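Peer 1: Before I ask anything, let me first share the structure, which is written out below as structure tokens.
Quick note: the coordinates plus some simple rules give every number you see, no bench work behind them. Keep in mind that this is a model prediction, so the values were computed, not measured. Neighbour counts are summed over all protein chains in view; Cβ atoms, including those assigned to glycine, are modelled from backbone coordinates with ideal geometry.
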Amino acid sequence: MGIKSADASLFQTAVLSAAKNLEAKKEWINELNVFPVPDGDTGTNMTMTIMAAAREVAAIEEPSMGSIAKALSSGSLRGARGNSGVILSQLFRGFTKEIAGEDTITVTVLANAFTRAAETAYKAVMKPKEGTILTVARGMAEKAVELAAETDDIVEFLEKVIEHGDYVLSQTPEMLPVLKQAGVVDSGGQGLMQVMKGGLDGLLGRGIPFDAQVETGGYTGSAAAGREEIDTADIKFGYCTEFIINVEKEYGEKEENSFKGYLESLGDCVVVVSDEDVVKVHVHTNNPGLAIERALTYGSLSRMKIDNMREEHHERLIQNAEKAAAAEREEQKKKEEPRKPYGFIAVSIGEGLGEIFKGIGADYLIEGGQTMNPSTEDMLNAIDKVNADVIYILPNNKNIILAAEQAKSLVEDKKILVVPSKTVPQGIAALINFMPDASPEENMESMTEEMGRIRTGQITYAVRNTTIDGMEIREGNIMGIGDSGMLAVGESVAETTVETIRRMADQDAELISIYYGADVTEDEAETLAEQVRAQFPDCEVELNDGGQPIYYYLLSVE
């Protein structure tokens, strides 16, 4: 099938198909993470980025090339998550600048758009690294320019561009030793190839049908809205009915099946649990009296409880509306107050870590981190809520820094400074060393310098077999990961943690900080801290409840 040009409607179909193909492959892409940690999120980040754009593209009823270009660029820019998502948004940004003024897309237009996309993405990254999504994008752009002189068939053109992109992707392990060691290709590059293949499928009419729903991959921030808006009309059976039957008459398997069948004819969510002469009953029904009547034929009843779910739901909606209104009033009040000279936004996850950041001066917390990279839009919302002339953002994760920088570029009425903290302990160190009387530039320099003085580590478990930094890792092993790579691998959380600290600490170490996670009890953490104190008698050992998921311990050594 040959296509010489594509109009706006066909381009819209291609974009939506590209988004759905990436979404379908996201878990596979997640598994390409170099480190075998349970938070590989490249596929999720890229999916949420493109789906933010695709929803805007899908909403256009009478598409033009300009309207699609605007929706694709702005939607992906604000929805971008993680480094891979930000780079994908920049690829779209460059691509759409080239096509926005066109009536139709041809091979020549595509070649120019691919070139501009790669150039825009490279400029957005301070220190571009080869062997990544950038390399794959540039390789396809170079091939596109070459092919534009050979064919005017878009299908043939894209098939060959994609074939070359796959080849460049296959070579990424030769460019990045860490990929070769882990036995994987670059995950961001693989994500880009799925976008390309999905787009071609859309042009050919074989793409995955688009719907606006997208899984959040566990993210619970602003993109994962709640479902409190459900109408009470959707509650089919209005009374949650519970009671216990104290059996006084014959009640065997036959009677139980008969009783269950009767309850199911009255409603849903039926649970009947029998234990000798006691039967626990739960049912949602519009006729609780009928359920009770039948139950009385088997014996007396106790612990009866009937709740009107429609009424409870209505009250909950009112409460939520009141809370939202109160929050809005409070937010408006803050906006009307004189601006503070400076404020702080920190990305954090875990109640304990959140309290620590608030305690040392953070004005606003963005819930996120590993597995939950906040979007550029989340950053912009946070910036809007902090009423200050100068705002410092602490990403506390290397995969969030680009999204913060992208948000910074979109803000005009406040001075935004992104402190390049790659871990939570670095963010804590930076904020502690803020000096109120210093200039923003002086503070950026001193905060960056101080967080560079600490070494940080993370303790988690492996989700697959691999070899990294010469260490054999098996699925289920406990890993200690440092600032520059793998530090320890073992079977025991405590032993691996102590070994990781041993690798981090030198003779000048004075303070060891340990933040224990949600999967560690306080007693286990205290026991570990005592082991560390015994191993490092000349160091002060500080233990904190971080509450973070996935990572048993976060560590820092100063």
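Peer 1: Excluding GLU540 itself, calculate the net charge of residues whose Cβ lies under 10 Å from the Cβ of GLU540, where each Lys or Arg counts +1 and each Asp or Glu counts -1.
Peer 2: Local net charge: -3.
Peer 1: Let me ask another. Could you please rank PHE237, PHE259, placing first whichever residue has the fewest other Cβ atoms within 10 Å of its Cβ?
Peer 2: Arranged by neighbour count, lowest to highest, PHE237, PHE259 become PHE237, PHE259.
Peer 1: OK, next. Arrange the peptides 113-121, 18-26, 523-531 so that the one whose residues have, on average, the most other Cβ atoms within 10 Å appears first.
Peer 2: Averaged packing, sorted descending, gives the order 18-26, 113-121, 523-531.
Peer 1: Rounded to two decimals, what ratio of Rg to Rh does region 387-540 give with C-alpha atoms and a Kirkwood Rh?
Peer 2: Result for region 387-540 is an Rg/Rh of 1.04.
Peer 1: If you scale each eigenvalue of the Cα gyration tensor by 5 and take the root, what three semi-axes come out for region 112-155, rounded to whole angstrom and sorted largest first?
Peer 2: 23, 10, 7
Peer 1: A further question on this structure: For region 313-444, take every pair of Cα atoms, bin their distances at 10 Å starting from 0, and report each bin as a whole percent.
Peer 2: Here the calculated profile for region 313-444 is 12, 41, 33, 11, 2, 0.
Peer 1: If I stretch the segment between ASP519 and GLU119 completely, what's the gain in nm (0.36 nm per residue apart, minus their alpha carbon distance), one decimal?
Peer 2: Length gained, ASP519 through GLU119: 139.6 nm.
Peer 1: Could you check what % of the DSSP bridge pairs in the chain are antiparallel, to the nearest 5?
Peer 2: Looking only at bridges with both residues in the chain, the antiparallel portion is about 70 percent.
Peer 1: For region 1-92, compute Rg over Rh where Rg is the Cα radius of gyration and Rh is the Kirkwood radius from the inverse mean 1/r over Cα pairs.
Peer 2: Rounded to two decimals, Rg over Rh is 1.05.
Peer 1: Next question, about the same structure. Listing TYR461, TYR167 from the residue with the fewest other Cβ atoms within 10 Å to the one with the most, what is the order?
Peer 2: TYR167, TYR461
Peer 1: Over region 455-557, what lengths in whole Å, largest first, do the semi-axes of the equivalent ellipsoid take, defined as the square roots of 5 times the eigenvalues of the alpha-carbon gyration tensor?
Peer 2: Ellipsoid semi-axes (Å, largest first): 21, 16, 11.
Peer 1: Let me ask you something else. Fewest to most neighbouring Cβ within 10 Å: what's the order for MET175, MET372?
Peer 2: MET175, MET372
Peer 1: Right, another one. Seen from all sides and averaged, what is the projected area of the convex hull of the Cα atoms in region 16-145, in nm²?
Peer 2: If I average the Cα hull's projected area over directions, I get 8.0 nm².
Peer 1: When volume of the Cα convex hull per residue in Å³ is calculated directly from the model, which label among (1) 150; (2) 142; (3) 208 fits?
Peer 2: For volume of the Cα convex hull per residue in Å³, the calculated option is (3).
Peer 1: Dividing the alpha-carbon radius of gyration of region 251-364 by 2.2 N^0.38 Å (N being the number of residues), what value is obtained?
Peer 2: 1.93
Peer 1: A further question on this structure: Just for the Cα atoms in region 232-312, what are the lengths along the principal axes, largest first, rounded to whole Å?
Peer 2: 39, 22, 18
Peer 1: Continuing with this model, one more query. Within region 8-203, how many Lys pairs sit with Cα atoms under 17 Å apart, leaving out pairs fewer than 8 places apart on the same chain?
Peer 2: 9
Peer 1: Here's something else I'd like to know. Based on the Cα coordinates of region 59-206, what is the per residue volume of their convex hull in Å³?
Peer 2: 115 Å³
Peer 1: What number, rounded to the nearest 500 deg cm²/dmol, is the helix-based mean residue ellipticity at 222 nm of the chain, given -39500 (n - 2.57) per DSSP H run of at least four residues and division by all its residues?
Peer 2: -16000 deg cm²/dmol
Peer 1: May I ask you to give the average projected area over all directions of the convex hull of the Cα atoms of region 403-483, in nm² rounded to one decimal?
Peer 2: Seen from a random direction, the Cα hull of region 403-483 projects 7.4 nm² on average.
Peer 1: Can you list the HN-Hα couplings for region 98-105, worked out from phi with the Karplus curve (6.51, -1.76, 1.60; θ = phi - 60°), rounded to whole Hz and with x for Gly and Pro?
Peer 2: 7, 9, 4, x, 8, 8, 9, 9
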